[in-house]
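A.B. asks: Mind having a look at this structure? Questions to follow.
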Amino acid sequence: MAKRIAVLGSTGSIGRQALDVVRAHPDRLRIVGLAAGHNWELLAQQAAEFVPEIVSVESEADAARLKVRLGDRVKVSAGAAGLNAVATWPTADLVLVAVTGTAALVHTVEAIQLGKDIALANKETLVAAGELITELASSMGVQLLPVDSEHSAIWQCVAHRRSEVTGIVLTASGGPFRRFSREELQEVTPEAALRHPTWKMGPKITIDSATLMNKGLEVIEARWLFDLDYDRIEVVIHPQSIVHGMARLRDGTVLACLSSTDMRLPIQYALSYPERWEALADPLDFCALAKLTFEAPDRERFPSLDLAYQAGRAGGTVPCVLNAANEVAVTAFLQGRLRFTDIPRVVACIIEKHISKKRPSLGDILEAERWAREAARAAIERMSQC
């Protein structure tokens, strides 16, 4: 019987590549729900091809257009209620969470409460609510299946040997500015920052990669996925992006997971688990690799990484505040209202002002996020007036 999938964020980069995986395995995977933002025309094309039971878009106006296009074949919903309907759709076995930000946090919680497995391509869910999500998933017997290439790699390295693992290593490409001086970083434009050297991703995650905040968020995510202290989670710069993650074993052995830079590989593994299916990407050609290099991240020029470690160790609502403030700062940078080097300055400022709440409820997390967004916007406005 085919595994039934609901995709939150079907028109985004991860969502589109996930549908490539479904196309390649039509006898093994079936789409029952698709949720998108404003790209209703692409969603209509996806719905016509995969014929899900339900689709959802952000606006009522776009939902009306979808209804005209799709007729009575598919249920059409809109807004937060629509996103929730797709996430909790009764026939879905697994929900792929591929929307950015914390927009899907509430809906992910509700899907877990219904016993649905979660393929997680959204870092912010575990960053903002890692303790809550992992405890709830454990209590419901729900699998959290990582889709990020780094976490998928670690997952494959540590499988069935958790007791042997003494630490893990997350690799980072270093982004396009790893050789830039502090003075050069101050002049970085959004256009330059959006040109990632190895991965094709959405704007927000691409900027996070350039600041190393993306890797910091992955550190917090890894802490919850693999139940490891922060002292046991390392980050190294690996510009070639071939080694995606490594695990240190107690006898000194290091296991590494290597593959080409194709996100369909970790997406497929999350959707196929515990099986491993035929490859969509070309096999890795070792003879074509000139070299594989590793170096320590420069934490002074890229302070976002240490901000994430700091927030993760503080716990409570601090990681949520880190994430929310960063989202606001990245948006301001993309709009030309903030310098590249001011992104971590804003985040640090908001973390310093925040009074954390330990073991927060979902309501506490959502309130901390609201506060952090407002505080970050106010801080940016003051900076723009200087």
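The values are calculated or read from the model by the stated rules, or taken from the named source; none is laboratory data. Computed from a predicted model, the values in this text were never measured in an experiment. Virtual Cβ from ideal backbone geometry, glycine too; neighbours counted across all protein chains shown.
A.B. asks: Among the residues of segment 278-331, which ones are surrounded by fewer than 16 Cβ atoms within 10 Å (Cβ to Cβ), of a type in the set (A, V, I, L, M) and not in a loop (DSSP other than H, G, I, E, B)?
C.D. replies: A288
A.B. asks: Scan A270, A193 and give me the residue that is closer than 24 Å to G12 by Cα and touching a strand residue (DSSP E or B) at 6+ places or on another chain (Cβ under 7 Å).
C.D. replies: Going through A270, A193 in turn, the sole match is A270.
A.B. asks: Next question. Would you check which residues across segment 75-99 are surrounded by fewer than 22 Cβ atoms within 10 Å (Cβ to Cβ) and assigned to a loop (DSSP other than H, G, I, E, B) and list them?
C.D. replies: T88, P90, T91, D93
A.B. asks: Looking at V219, V235, V254 in this structure, which one is within 19 Å of P303 (Cβ to Cβ) and either exposed (fewer than 15 other Cβ atoms within 10 Å of the Cβ) or touching a Phe, Trp or Tyr at 6+ places or on another chain (Cβ under 8 Å) (or both)?
C.D. replies: Just a single option satisfies the conditions, and that option is V219.
A.B. asks: Restricting the first residue to segment 262-275 and requiring it to be under 15 Å from V97 (Cβ atoms), which pairs with a second residue that is surrounded by 19 or more Cβ atoms within 10 Å (Cβ to Cβ) and polar (S, T, N, Q) meet a Cβ separation below 8 Å and a spacing of at least six or different chains?
C.D. replies: M263/Q17; M263/S149; P266/S149; P266/S152; I267/Q17; A270/S152
A.B. asks: Mind counting the residues in segment 50-74 that are assigned to a helix (DSSP H, G or I) and either at positive phi or touching a residue at least 12 places away in the same chain (Cβ under 8 Å) (or both)?
C.D. replies: Of the residues in that region, 8 qualify.
A.B. asks: Taking the conditions exactly as written (at pLDDT 95 or above, hydrophobic (A, V, I, L, M, F, W, C), at negative phi and more than 22 Å from the chain's Cα centre (by Cα)), does A18 satisfy them or not?
C.D. replies: no
A.B. asks: Can you find, within segment 332-386, the residue that is surrounded by the fewest Cβ atoms within 10 Å (Cβ to Cβ) among those that are in a helix (DSSP H, G or I), of a type in the set (K, R) and over 21 Å from the mean Cα position of the chain (by Cα)?
C.D. replies: This residue is R382.
A.B. asks: Quick check on my filter: what residues within segment 140-168 are among the polar types (S, T, N, Q) and either surrounded by fewer than 22 Cβ atoms within 10 Å (Cβ to Cβ) or at pLDDT below 95 (or both)?
C.D. replies: Of everything in segment 140-168, those that are among the polar types (S, T, N, Q) and either surrounded by fewer than 22 Cβ atoms within 10 Å (Cβ to Cβ) or at pLDDT below 95 (or both) turn out to be Q143, S149, Q156, S163, T166.
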